[in-house]
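Report on the following structure.
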Amino acid sequence: MNQKPDFSKNANMATTAPAFLSVWDMHSYYGESYIVQGVSFNVHEGEILALLGRNGAGKTSTLRSIARLDDPEVRHGEIWLDHQPLHNKTSYEAAAAGLGLVPEDRRIIPGLTVEENLQLAQIAPPIGWSLERIYELFPRLGERRKQEGVTLSGGEQQMLAIARALARDIKVLLLDEPYEGLAPVIVDEIEKTLIHVKQQGMTTIIVEQNAVRALELADRAIILDTGSIVFDGTASEVLENTQLREEYLAI
């Protein structure tokens, strides 16, 4: 039986800092297919959490459920962000509350330049992430600001997708397979960016098949298996536990 996590303290962390994002006993379905089966966890402000597991374990479904997308359907559970409930919100309201989902397909808008993609997302006036600050973080985007977004390379499109999320002055960055199809040198660049935004206080959840790279970046890791959590602890614990990696991550 799931026990509701203490919103003021994450039992898995050696700290009394308040949880920033809290998910409690979340159950999600695609039609009658039971995908996310009672998932509960806390994330602290400024943490990077790696959400890992084999294909079909429920990682992306968990991320989409937190973002309050219509598919999958969350039929039970609670989601709290900065002490505000999200489980009774639409995806639009959850985004307005501070969730920024970067989907695997990036969804760069055709016909718009890099800058227009950013301006479309940016709140007015920007509070934390002005275009100037975004271009400092992503110099390549600054160089290509007048180029149509969909003509960028795969790595540059991923940078644009992350930058577009930041432009909304989000509180939590949700990344679905950000390294997919990218060369290692581009992954290095994106990781440096994620470390930088973490240093600015950004909270991040990353779903990634390249588990080793995600674990090297993350503070904590959750491993899912058939829609349930089988491990919640530090990323270093997973890196050091050969049996855990082989059984649930095949690495």
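Any read-out appearing in this document is the output of simple, stated calculations on the displayed coordinates, not a laboratory observation. Note that the structure is a prediction, hence the values are computed from the model and not measured. Methodologically, a virtual Cβ is constructed for each residue, glycine included, from the backbone with ideal geometry; neighbour enumeration extends over all protein chains shown.
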P(r), alpha carbons of the stretch 108-170 - 5 Å bins starting at zero, rounded % | 4, 22, 36, 25, 12, 2
Burial order of peptide ranges 71-78, 159-166 (average beta-carbon count within 10 Å, highest first) = 159-166, 71-78
For the stretch 181-234, averaging the sequence separation of alpha carbon pairs under 8 Å that lie six or more residues apart and dividing by its residue count, the contact order in percent is 19
For the stretch 168-251, what D do you get in µm² per second when you plug the Kirkwood radius from alpha-carbon pairs into Stokes-Einstein at 10 °C and 1.306 mPa s?
-> 116
Burial ranking of peptide ranges 111-121, 194-204 (average Cβ count within 10 Å, highest at the top) = 111-121, 194-204
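Would you kindly state how much longer the chain becomes between residue 83 and residue 228 on full extension, computed as 0.36 nm times their sequence separation minus their alpha carbon distance, in nm to one decimal?
Gain in length upon complete extension: 49.8 nm.
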Report the relative contact order of the chain, percent, no decimals, based on alpha-carbon pairs under 8 angstrom and at least 6 residues apart.
-> 25
Residue order, fewest to most beta carbons within 10 Å, for 205, 190 | 190, 205
Residue 38's amide H: which non-local residues (gap 5+, or another chain) put their own amide H closer than 5 Å, with H modeled 1.01 Å from N in plane and none for Pro or chain starts?
-> 26, 27, 28
Taking the alpha carbon gyration tensor of the stretch 153-198, what are the square roots of 5 times its eigenvalues, largest first, to the nearest whole Å?
-> 18, 11, 9
How are the C-alpha pair distances of the chain spread across 10 Å bins, as whole percents from the shortest bin up?
-> 7, 32, 37, 20, 4, 0
For the chain, what is the calculated [θ] at 222 nm in deg cm²/dmol (nearest 500), taking -39500 (n - 2.57) for each run of four or more DSSP H residues and dividing by its residue count?
-> -9000 deg cm²/dmol
Karplus-derived HN-Hα couplings along the stretch 49-54 (A = 6.51, B = -1.76, C = 1.60, θ = phi - 60°), whole Hz, x at Gly and Pro = 10, 8, 9, 10, x, 5
Kirkwood hydrodynamic radius over Cα pairs of the stretch 69-179, then Stokes diffusion coefficient at 37 °C and 0.692 mPa s, in µm²/s = 222
Would you tally the net charge around residue 41, using a Cβ to Cβ cut-off of less than 10 Å, leaving residue 41 out, and scoring K and R as +1, D and E as -1?
-> 0
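Test of understanding: what is the full-extension gain from residue 140 to residue 199, defined as 0.36 nm times their sequence separation minus their Cα-Cα distance?
Values: separation 59, 0.36 × 59 = 21.24 nm, distance 2.09 nm.
Between residue 140 and residue 199, full extension yields an extra 19.1 nm.
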Please state the relative contact order of the stretch 108-170 as a whole percent: Cα pairs under 8 Å, 6+ residues apart?
-> 55
